[in-house]
Amino acid sequence: MTFLQFAFNNVKRNTRVYLAYFLSSVFTIMVFFSFAVNLFHPVIASKKGGAVELIIGQTEVAILVFSFLFVLISVSAFLKVRSKEFGILMILGMTKKQLSWLVFIENMIIGCLAIIVGIVLGLVFSKLFLMLLGNILSYESLSFYFPYKAILLTTGFFTLIFLGISALTPFIIRTNSIKNLLHGAKRANRKIRFSIFQSIAAVLLLGLGYFMALSPQLYDINPLLDKIILFIENAQYTEVILTTSVVVGTYLFFSQLSIFVLSRLKRNRSFYMNKTNMLWISDLIYRIRDNARMLFLVTILSAVAFTAITGVYALSSVVKDESLKDNPFALTYTSSSSNDNEQQHINTIDEMLESYGFKYEKYKSEIIKQVSKDNQVIHIIKQSDYNNRASALGLEQVALDKEQALLVPVYVRFDPKRDKTLSQKNIALDNGEINLEVSGIAPKVIFYSGLFPNLVVVNDETYDKITNILEKYHSYSYDIPDWLNTLEVTEKLRAKLGVGEHGKYFWSTRIEGYNLENQNKKLFLYVGFFLGAIFFLGASSFLYFRLYTDLNQEKSKYIGISKLGLSFKEMKKVASIQIAVLFFAPYILAGIHTYFAINVLQTVLYSSVLYQFLVFIGVFLILNIIYYVSVRSRYVNYLKRFILQSQLHNAK
Amino acid sequence: MYCKLEILKLKHIFKIYGEKVQHCALKDINLSIEKGEFVGIMGPSGSGKTTLLNVISTIDPPSSGEVLINGENPYKLDNSKLAFFRRKKLGFVFQDFNLIDTLTIGENIVLPLTLDGAKVSTMDKKLKEVASRLNIESILEKRTYEVSGGQAQRAAIARAIIHSPLLLLADEPTGNLDSKAAKDVMELFESINREIGVTTVMVTHDPMSASYCHRVIFIKDGQFFNEIHRGESRRKFYQQIIDVLSLLGGEASDISAVRL
């Protein structure tokens, strides 16, 4: 057996240990490669700087960063478990150099194999990935090509990762004391320590993070609270503070708070001393302590995975809703007084729509623009024009006095209390000649998001008296019931009218916004789904490895207690509770994190995504349960076998 | 002129553990072992016998004093030279065998040669020799979990002697074996010592195992207590060992009883 064969045997005969790590690596590499295939596709590559390049490119970077950490953490966990083996090898005369070399070869064997399998699988599925992307971008088809660039990129980067981690191994294994390696640092006897201060900090940090996430919804309950919320909103780096406090809080939750709570539970003697409670609680404290870092990682990874998948799915499923709200009309053409072609353009639009057989309803409005003394732009629309639009949009008609004004929001999402223009009590027109009292706020955008800020509805008579006119606009809005099919006609119109002419006219359609949003969000869904899957698999791989290695340490303990008269059924219960905690504690915490993360997302959306959140969290729960059931049954079976073996041994 | 060849020499070995609360595990141990000797180290639990073996094994440096193996102080070597030293001059046998689970029995045995970068033909030749001597040819292809404890310990012994070490160190080699397997293993140690002439130092608490040695050294509370030599009869030697142990245990058993 040469040295190389030795390393090879170590990998080959340890497949069970490495299995989850290997599969997870393969999947990650496959996704990275497939995205690279997309990115380097001649059609995509020709459109430099597009959304595809940006979104997929950044996803690739995220995958690389994740992979580096994933491999680093996995490899250091593997090495820690093998410390006794390394002790034996060193006492047999292995030098440190040889040990690093051995670990290096092993890593490279697994790494190279993962790269090869990942790329081959990626090639097999590349047609599918190209089809998905083509579908998202509404391209006819993205033809298959031989992706030598993607192969080079994937091989290069992942070789670097595996090489880099291998180079770090001497720092991971502490080879200085063979004695400690051989006998294993005695861990079980270490005293359980926790800090009450840090446990409280865990609660506070998680609370702070959740509060910050919820703060927009909590507004207007209590004046003091409002001040705090405004302070948070105006603070810089809110997202950074929020994320950091949740991440640190999660870490402290597992390393301190959980141990604190379990220790408290221990003090409740009637509960603690009841049957097998004592066994699982005292054991769980040690296991959580030893696995705090792993639980933390799994929680964060799961939270990111859940948020990515739920978030992108929610985003993409509400696109239609969002564009309907953003553009209450299918098409809006706006012309200023300096535009001589207004009537001609409108005729073109009408004819074109008719020639395509679209039924439509046209609403014309006149808007005056003026600038007040304090340099504020005001747009004014008369009541009859407003009511005209209101009837099209199903809003209530208004009847204003001569001295009254109605404010119209310019964005879909508005909060009268915090929006400066919408919180005006009085409106002064014509430099204070006309003074109006605000009687209310319209419930909706009536043109499209962003058009005509600070829009005021006034009585027709008042409107006619306005003298200070900076600009007069005519805006035509078309209500087209069959708007989803207007893309072709829009493209034709764009060819004729262009995008507009500065200061003269401009026009916007719902379908274009919808398409762009739709495409971007589908793209997000595409990358988000795979990114989420990578993270979720990574988290599962950590759990698998941890349980597998724990099993070896646990079995002697179980054999011991079984001799004391613990029945197999009781043992099964103890083991089940413990595994369940390790499986579901990260899941539940990650679910809560996701809920609050989705809440932050909710602030930029008009529609509720709670439903989508519940669906996905449910899907993940089912996946987790399946994973738990299968791992638990394997675990329990192993235990059963070991105990039967030991009983047989004793009988002999 | 007849000159005794000294393989192992310990001069005034002290070993102190702990920083704040110090505990003296070894106190002024002096020992000299000649080439071809088979020496046992005995003592009650906590007496420092395993510490002593670790000090000899070059994995636990003494707090003071000098260890000389074949006239050389291994603790003065740098890390890689020390590794070479272990690889060439020392052989180890442990209580729990310490075979590598991912390797077959045969692969485990040739491991020291693998680490040394020996030729495959040399490995095969030596493996064949040592396997036939230890009568384990039939299990060479088996994995560690497929063999019995006695077989595993034979394999471990084969691994410890395949590179013809100067000094064979054994830590409770029969501790995990039933009496039949323990007897086999001890006979193996004896025959290896006799036929190859490898100097052997063994730590044990089992008088039966110790009775195979030429000389048994007793330590107690980290200090040298007594030493007895074997005469013609192993049975007689066994009785002598029991006698010393009972002398030792007269005071020590109180302590060990408390510890248990």
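Every read-out reported here was derived from the displayed coordinates using simple, explicitly stated rules and does not represent laboratory data. Only a predicted model underlies this, so the values are computations on that prediction, with no experimental measurement involved. Ideal geometry is used to build each Cβ from the backbone, glycine not excepted, and the neighbour counts take in all protein chains shown.
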Review point. Relative contact order for the stretch A:325-400 using alpha-carbon pairs under 8 Å, separation at least 6, rounded to a whole percent?
Key: 18 percent
Check your understanding: Of the beta bridges DSSP finds with both residues in the protein assembly as shown, what % are antiparallel, to the nearest 5?
Key -> 70 percent
Practice item. Starting from the Cα of residue B:63, move 7 Å in the Cα-to-Cβ direction to define the label point; list residues of the stretch B:5-44 whose amide nitrogen is under 18 Å from there. Key: B:11-30
Check your understanding: Percent relative contact order of chain B, based on C-alpha pairs within less than 8 angstrom and at least six residues apart?
Key -> 26 percent
Review point. For residue A:434, which sequence-distant residues (separation of 5 or more, or a different chain) have an amide H within less than 5 Å of its own amide H, given hydrogens modelled in the peptide plane?
Key: A:429
Practice item. Tell me which residues come under 5 Å, amide H to amide H, from residue B:25 once H is placed; ignore anything under 5 positions away on its chain. Key: B:15, B:16, B:17
Point to revise | J(HN,Hα) series, the stretch A:290-301, from Karplus relation 6.51 cos²θ - 1.76 cosθ + 1.60, nearest Hz, glycine and proline x | key: 5, 10, 4, 5, 5, 4, 4, 4, 4, 4, 5, 4
Review point. Residue B:32's amide H: which non-local residues (gap 5+, or another chain) put their own amide H closer than 5 Å, with H modeled 1.01 Å from N in plane and none for Pro or chain starts?
Key: B:10
Review point. Considering every Cα-Cα pair within the stretch B:153-205, what fraction, in whole percent, is farther apart than 14 Å?
Key: 49 percent
Practice item. Using only Cα atoms, find the angle between the long axis of helix B:79-89 and the longest principal axis of chain B, and express it within 0 to 90 degrees, rounded to the nearest 10. Key: 80 degrees
**Study point:** Neighbour-count order for B:23, B:214, fewest beta carbons within 10 angstrom listed first
**Key:** B:23, B:214
**Study point:** Estimated 222 nm signal from helices in chain B, with DSSP H stretches of n ≥ 4 weighted -39500 (n - 2.57), rounded to 500
**Key:** -13000 deg cm²/dmol
Exercise for review: Determine ³J(HN,Hα), in whole Hz, for all residues of the stretch A:304-316 in sequence, where each value follows from phi through the Karplus function 6.51 cos²θ - 1.76 cosθ + 1.60 and θ = phi - 60°; x replaces Gly and Pro.
Suggested key: 5, 4, 4, 5, 4, 5, 4, x, 5, 5, 4, 4, 6
Review point. Of all DSSP beta bridges in chain B, what percent run antiparallel (nearest 5)?
Key: 55 percent
**Study point:** Cα-based Lys proximity count in the stretch A:318-381, under 23 Å, for pairs eight or more positions apart or on separate chains
**Key:** 5
Check your understanding: When N counts the residues of chain A, how does its alpha-carbon radius of gyration compare numerically with 2.2 N^0.38 Å, as a ratio?
Key -> 1.26
Revision key, fill the gap. Highest mean packing first, using Cβ neighbours within 10 angstrom, the peptides B:136-147, A:281-292 sort as A:281-292, B:136-147
Revision key, fill the gap. Taking Cα pairs closer than 8 Å and at least 6 residues apart, the relative contact order of the stretch B:155-247 in percent is 23 percent
Practice item. With a/c under 1.5 counting as rounded, go ahead and sort the stretch B:1-98 into rounded, prolate or oblate using the C-alpha gyration tensor (a ≥ b ≥ c being the square roots of the eigenvalues; past the cut-off, prolate if a/b is larger than b/c, else oblate). Key: rounded
Review point. According to the square roots a ≥ b ≥ c of the eigenvalues of the Cα gyration tensor, what is the shape class of the stretch B:121-194, taking rounded for a/c under 1.5, prolate for a/b larger than b/c otherwise, and oblate for the remainder?
Key: oblate
Check your understanding: Where does each of A:370-378, A:553-561 land if you order them by average Cβ count within 10 Å, highest first?
Key -> A:553-561, A:370-378
Review point. For peptide B:97-103, how many partner chain Cβ atoms fall within 10 Å of a residue's Cβ, on average?
Key: 6
Check your understanding: In sequence order, what are the phi-derived ³J(HN,Hα) couplings for the stretch A:119-134 according to the Karplus relation 6.51 cos²θ - 1.76 cosθ + 1.60 with θ = phi - 60°, rounded to whole Hz, with x for glycine and proline?
Key -> 5, 4, 4, x, 5, 4, 8, 5, 4, 5, 5, 5, 5, 4, 5, x
Exercise for review: Report, as a whole number in µm² per second, the diffusion coefficient that Stokes-Einstein gives for chain B at 25 °C and 0.890 mPa s using the Kirkwood radius over alpha carbon pairs.
Suggested key: 128 µm²/s
Exercise for review: Provide A:379, B:229, A:593 in ascending order of the number of other Cβ atoms located within 10 Å of each residue's Cβ, fewest first.
Suggested key: B:229, A:379, A:593
Point to revise | Residue pairs, from the table A:227/A:382; A:640/B:89; A:127/A:521, whose Cα atoms sit over 32 Å apart | key: A:227/A:382; A:640/B:89
Point to revise | Relative exposure of B:28, A:464, judged by other C-beta atoms within 10 Å (fewest first) | key: A:464, B:28
Check your understanding: Once both labels are modelled 7 Å past Cα along the beta-carbon direction, what's the residue A:238-residue A:417 spacing in nm?
Key -> 1.5 nm
